[in-house]
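Student: I am attaching a structure below and will ask some questions about it afterwards.
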Amino acid sequence: MWCLLHYEKIFHQITHKEAFDKLKIVIKDYSKNKEVFEILKDKLDVAIKNAESLNSQHIRNSVVLLSKDSNPSTQIFQLIKTIRDLIQKNRMN
């Protein structure tokens, strides 16, 4: 899901196979073992924005995050934002 959010917003339930098939369209030769950081790094802000929108929708709809009802969902953006904050704080020191 996280990789797919670099390309599009997804608010409807999606299976792993559907997500995988969509990724194969936007990333040539995509596989679970393919290193995609270089491909996705310039789209990181888009992915964060899309993930935040998805979370907001779940919250508005009273959907419990990290439950089966929150499909699709990812919290990786929280980790990325925390890492960015730590990097920024270290640069100021």
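The values are calculated or read from the model by the stated rules, or taken from the named source; none is laboratory data. These figures come from a predicted structure and were not determined experimentally. Cβ atoms come from the backbone with ideal geometry, glycine included; neighbour counts cover every protein chain shown. The protein model used for the area step is the full one, side chains on, heavy atoms only, and it has no ligands, DNA or RNA in it. Shrake-Rupley method; radii C 1.70, N 1.55, O 1.52, S 1.80 Å.
Student: How large is ³J(HN,Hα), in whole Hz, for each residue of segment 35-50 in order, when computed from phi with the Karplus curve 6.51 cos²θ - 1.76 cosθ + 1.60 and θ = phi - 60°, using x for Gly and Pro?
Tutor: Listing the rounded values in order: 6, 10, 4, 4, 6, 9, 4, 6, 10, 4, 5, 5, 4, 4, 4, 5 Hz.
Student: Sticking with this structure for a sec: When the chain is modelled as a GNM with alpha-carbon springs shorter than 10 Å, which of 55, 71, 33 fluctuates the most?
Tutor: 33
Student: To continue, here is another question. As a check on your grasp of the helix formula, calculate [θ] at 222 nm for the chain: sum -39500 (n - 2.57) over DSSP H runs of n ≥ 4, divide by the residue count, round to the nearest 500. Let's see the in-between values first.
Tutor: On the way: 4 runs with 49 residues, N = 93.
Rounded to the nearest 500, the figure is -16500 deg cm²/dmol.
Student: Can you list the lysines whose alpha carbon is less than 23 Å from that of residue 32, not counting same-chain residues fewer than 8 positions off?
Tutor: 9, 17, 22, 24, 41, 43, 68
Student: Among 39, 53, 82, whose Cα lies farthest out toward the positive end of the dipole of the chain, if unit charges sit on the beta carbon of Lys, Arg (+1) and Asp, Glu (-1)?
Tutor: So the residue we want is 82.
Student: Another one. In percent, what relative contact order does segment 14-93 have, based on Cα pairs under 8 Å that are 6 or more apart in sequence? List each step's numbers first, then the result.
Tutor: Working: 25 pairs, mean separation 17.8, N = 80.
Answer for segment 14-93 is 22 percent.
Student: Sticking with this structure for a sec: Which residue fluctuates most in the GNM of the chain (Cα springs below 10 Å): 24, 32, 43?
Tutor: Maximum fluctuation in the GNM of the chain, among the listed residues, is at 32.
Student: Now a separate question. Counting only protein heavy atoms and a 1.4 Å probe, tell me what percentage of the chain's accessible area is made up of carbon and sulfur. Numbers along the way, then the final one.
Tutor: Values: 3620 of 6750 Å².
Reported share for carbon and sulfur atoms: 54 percent.
Student: Once phi is turned into θ = phi - 60°, what whole-Hz ³J(HN,Hα) does the Karplus curve with 6.51, -1.76 and 1.60 give for every residue of segment 21-33, x standing for Gly and Pro?
Tutor: 4, 5, 5, 5, 6, 8, 10, 4, 6, 4, 8, 4, 9
Student: What does the convex hull of the Cα atoms come to per residue for the chain, in Å³?
Tutor: With only Cα atoms used, the chain gives 113 Å³ per residue.
Student: Oh, and also: Keeping every protein chain present and rolling a 1.4 Å probe, give me the accessible area per residue for the chain in Å². The partial results should precede the final answer.
Tutor: On the way: 6750 Å² over 93 residues.
For the chain, the solvent-accessible area averages 73 Å² per residue.
Student: Here's another thing I want to ask about it. DSSP loop (so not H, G, I, E, B), at most 15 other Cβ within 10 Å: list which GluC sites (Glu not before Pro) in segment 33-74 pass both filters. Before the final figure, lay out each step's value.
Tutor: Numbers: sites: 35, 38, 52; in loops: 35.
Answer by residue number: 35.
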